[in-house]
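Read the figures in this text as sums done on the coordinates, not as results from a lab. Because the structure is a prediction, the values reported are computed rather than measured. With ideal geometry, Cβ positions are generated from the backbone for all residues, glycine too; neighbour counts draw on all protein chains shown.
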Amino acid sequence: MASMMPAVRKIKAGPGNVEFCETPVPEIGPNDVLMKVYAAGICGSDLLIQEDRHFYRAPVTQGHEFSGIAYKVGKNITRVKEGDKFIADIECSKGEWLGVTVDGAFAPYMRVPENVIYRVSEHVPIEHAAMGELIAATHHLIQERAQVRVGDDVVIVGPGPMGIVATQYAKICGARRVILIGLKSDEMRLEIGRRVGADVTLYSEDDPAKEVMEITGGKGAEFVLECSASELGVQHAIDCARKAYEGPGGKGVVVFISLWGRQLRVNLDQVSLGQLDIRGSWSWNGRETWEHAVDLLDRGLFDFAPMITGHYALEDWATAFTNLREKRDLKAMFLPNGSGWAK
């Protein structure tokens, strides 16, 4: 009989249906690694899966932001050895996503195919390593789908984890100013944004587009990221972008990474009239992106300490989900094997 372990699982389709339950410890094949999970970040998409507003395949153990050590390795493994600290690309094969369609990290152990594994330097804190997927997604949207250039004014709508990481990355890229927009109920998150590099923070309720135009001398922002997953956030993004009413256009780029899970009503006239470039960003460029992400992580270019605001045991998953929804946390982490780790 297989050994059992606790896990947070979406047990069947439909709203809700997430439970703390027992599931078998994964068995690994010759090309797999059994990770002992030490940190697993809770993403907004994990909440959407619970609400049935994100793709998934049930039953599945959730959790796609993670770090840990190689506890057991298959006989063909060459890229890691037992005891190595590593993270992994969650796109483990075509159409398969760890923690979404394949069992993930909200458990003490998870099976990870060798082809998506990346070793992390010993000096990187284990919880910071779990932010690797966020770095990969941010690198993709800021460097691969569009580019923040030296001297750009950047507006970021939504001070969640993605917005805070993007704030830091935009400064790394040489942005002139980073303007972070959130709701008045986001004040804790906006304060963290200021701590890690936002030059200006604005409230969604106070006509931020007008303030952005004043700050930028009437031009608007060359680069806008919408990651609030709100209808009003989309309108802010369009309204804050730099317009080009004549000539070749392309002065303002708006990148969307949100998932809304519903239809939106927005005024798109300025997309046409202002000749805005609209980009979607969701995945990444495979190994190319992840190697950049690990390099950035190893060099310690991001300040993650202020972002990680909550630590939870797996059995407290409902409290963790609620605290994220109610904005008591910015980035919450499950610690499936406790607060310490060792080889």
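Assorted remarks:
- Simple spin-label estimate for N115 and V266 gives 3.5 nm between the two label positions (7 Å along the Cα-to-Cβ direction from each Cα).
- Only the Cβ atoms of Lys and Arg (+1) and of Asp and Glu (-1) were treated as charged; on that basis the dipole of the chain about its Cα centre amounts to roughly 400 debye.
- Using only side-chain charges placed at the Cβ, +1 for Lys and Arg and -1 for Asp and Glu, the dipole size of segment 9-120 relative to its Cα centre rounds to 240 debye.
- Backbone HN-Hα couplings from phi across segment 21-26 [Karplus 6.51/-1.76/1.60, Hz, Gly and Pro as x]: 8, 8, 8, x, 4, x
- Computed lengthening from M4 to Y245, 0.36 nm per intervening residue step minus Cα-Cα distance: 80.5 nm
- Burial order of peptide ranges 298-309, 61-72, 267-278 (average beta-carbon count within 10 Å, highest first): 61-72, 298-309, 267-278
- Remark: for residue pairs K219/K243; K210/K243; K36/K72; K184/K251; K36/K85, the C-alpha separation exceeds 19 Å in K184/K251.
- Simple label model, 7 Å out from Cα along Cβ direction - R149 to K184, nm: 3.9
- On the principal axes of its alpha carbon atoms, segment 139-280 extends 40, 35, 30 Å, with the longest extent given first.
- Calculated on alpha-carbon atoms, Rg and Dmax of the chain in Å: 20.3, 71
- For the chain, the residue among G132, I179, N323 whose Cα projects farthest onto the positive side of the dipole built from Cβ charges is G132.
- Nonlocal amide H pairs with M5, under 5 Å, H built at 1.01 Å: T23, V25
- Near-label residues of segment 116-156 by backbone N, under 19 Å of a point 7 Å along Cα→Cβ of K219: 147-156
- Charge dipole magnitude, Cβ of K and R +1, D and E -1 - segment 139-280, Cα centre, debye nearest 20: 360
- Using the Cβ-Cβ distance between H123 and C21 with R0 set to 51 Å, the FRET efficiency works out to roughly 0.90.
- Karplus-derived 3J(HN,Hα) values for segment 212-229, using 6.51 cos²θ - 1.76 cosθ + 1.60 with θ = phi - 60°, are 4, 5, 5, 5, 9, x, x, 7, x, 8, 5, 10, 10, 10, 9, 9, 8, 6 Hz; glycine and proline are entered as x.
- In the frame of its principal axes, segment 1-157 has Cα extents of 61, 41, 28 Å, reported largest first.
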